[in-house]
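The values are calculated or read from the model by the stated rules, or taken from the named source; none is laboratory data. The model shown is predicted, which means the values in this text are computed figures rather than measured ones. Quick reminder, even Gly has a Cβ in these numbers, built from the backbone with ideal geometry, and neighbours come from all protein chains shown.
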Ligand code: BEZ
């Protein structure tokens, strides 16, 4: 019998959804959540999601009392207060702000990569805005340089909010932008990612083939 008391509005291709799933798995809470698959894009919104989240975005998590949480940062913070292990978001001190800032940069990479995906996959070719695409791509490249710095000591220290976010961002780049070949300019990051990719939580949440 299912022990799920919460529902996650979900799409396996979304890196933000993957972040939430990784937190559920890493904190032993996966069984608490039932998944409801949602197909949406800026031009084909989901009425089911819009009814609960005016922003029309996933992931969104419905709690057992009907409360809806969004976005992924809020959901991750909520779930991190629902387990007894070491927090994935340090509760205080300099590490809290550093790890959250790295996680924010990972979100920025995911945002840029998803926007590029929408622009190139859903807009007609003649309407593509090349300068805008280049601006989004440059953001990703700058962030990868910072992640490469962090891959020396900071990332291997813990698989927490920062490492989870960066792993999701890299997984999404491999999924949607394999031609970027990010490993060429980020060897330490590539070695770190090869290692964390073997975690059961990462293997269980790979984007669809
Ligand atoms: C994608 O197919 O890349 C995607 C799907 C849902 C949310 C974000 C990205």
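Could you tell me whether residue 54 is outside the structural domain of residue 176 (by TED's automatic domain parsing) and touching a residue at least 12 places away in the same chain (Cβ under 8 Å)?
Criteria not met by residue 54.
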remark   = So the helices (runs of 4 or more DSSP H) completely within region 95-209 holding 2 or more residues that are over 29 Å from residue 77 (Cβ atoms) are 130-150, 187-196
task = Just give me the residues in region 1-53 being in a loop (DSSP other than H, G, I, E, B), crowded, with 16+ Cβ neighbours inside 10 Å and within 11 Å of the ligand (Cβ to nearest atom), in sequence order.
result = 11, 14, 38, 40, 46
request  = Working carefully through the options 145, 150, find the one that is under 19 Å from residue 164 (Cα atoms) and crowded, with 18+ Cβ neighbours inside 10 Å.
outcome  = 150
